[in-house]
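To start, the structure itself, in structure tokens.
Laboratory data are not the source of any read-out in this text; all were calculated from the coordinates shown. Only a predicted model underlies this, so the values are computations on that prediction, with no experimental measurement involved. Note that we place each Cβ from the backbone using ideal geometry, even for glycine, and neighbour counts take in every protein chain shown.
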Amino acid sequence: MTTASKSSNSRLSAVSLDKSIGSPSDPILKREQAVTISDLLENNSFAPVGHNGGPYLLELEILDKKLVLSVTTESGEHVLCHHLSLTSFRQLLKDYRIVCESYIDAQLRLTPERLEAIDMGRRAIHDEASALLRERFKSRVEIDQDTARRLFTLISLLVARNSFGRGPAT
């Protein structure tokens, strides 16, 4: 999926997710992906270290259990390709997916207070994962907390899609 946004130097104007594994078949996941990309493109801070030629196009894919982050300018100039091991994210990705699934399952049967408690747990995991993502990217690209949160959501969706039919998304 590719979506475009308004221009600025230190920001993303488009995001593409690995097309080789297809788009999510689950309507809830499909909507989550679309909303996350839309929110990301609406408001983000993305500055590859040592480069001022944005806005940038970002492609995310999972290859050999690593996140591959490919960045180009809108004119097609290669900016960076970064491979990030997902090992340190394994438990966070697993916990995040479990909490998200619990929230979806609980929507019709729990009180708003209980749903809020589940959502607070999701946000805590999300915050921890986005802080780790910022730390792992800092030598290659500077991102703010909100951008990191949305990127983590996209990574979790990619991992889940990539793992479909091959066991848990970890």
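A few comments on the model shown:
- When shorter helices are ignored and each DSSP H run of at least 4 residues is given -39500 (n - 2.57), the per-residue value for the chain at 222 nm works out to -15500 deg cm²/dmol.
- Build a GNM of the chain with springs between Cα atoms under 10 Å apart, and of Gly121, Gly53, Gly76 the one that fluctuates most is Gly76.
- Exposed trypsin sites (Lys or Arg not before Pro) absent - longest run of the chain, DSSP non-H/G/I/E/B, at most 15 other C-beta within 10 Å: 7-64
- Net dipole in debye of the chain [+1 Lys, Arg Cβ; -1 Asp, Glu Cβ; about Cα centre; nearest 20]: 360 debye
- Sequence-separation-based contact order of the chain, relative, with Cα cut under 8 Å and 6+ spacing, percent: 24 percent
- Here Lys94 is the anchor, and the lysines within straight C-alpha reach of less than 22 Å, apart from those fewer than 8 places off in the same chain, are Lys30, Lys65, Lys66.
- Average silhouette area of the chain, convex hull of alpha-carbon atoms, in square nanometres: 9.8 nm²
- Residue exposure sequence - Ser75, Ser85, Ser13 - by fewest surrounding Cβ within 10 Å: Ser75, Ser85, Ser13
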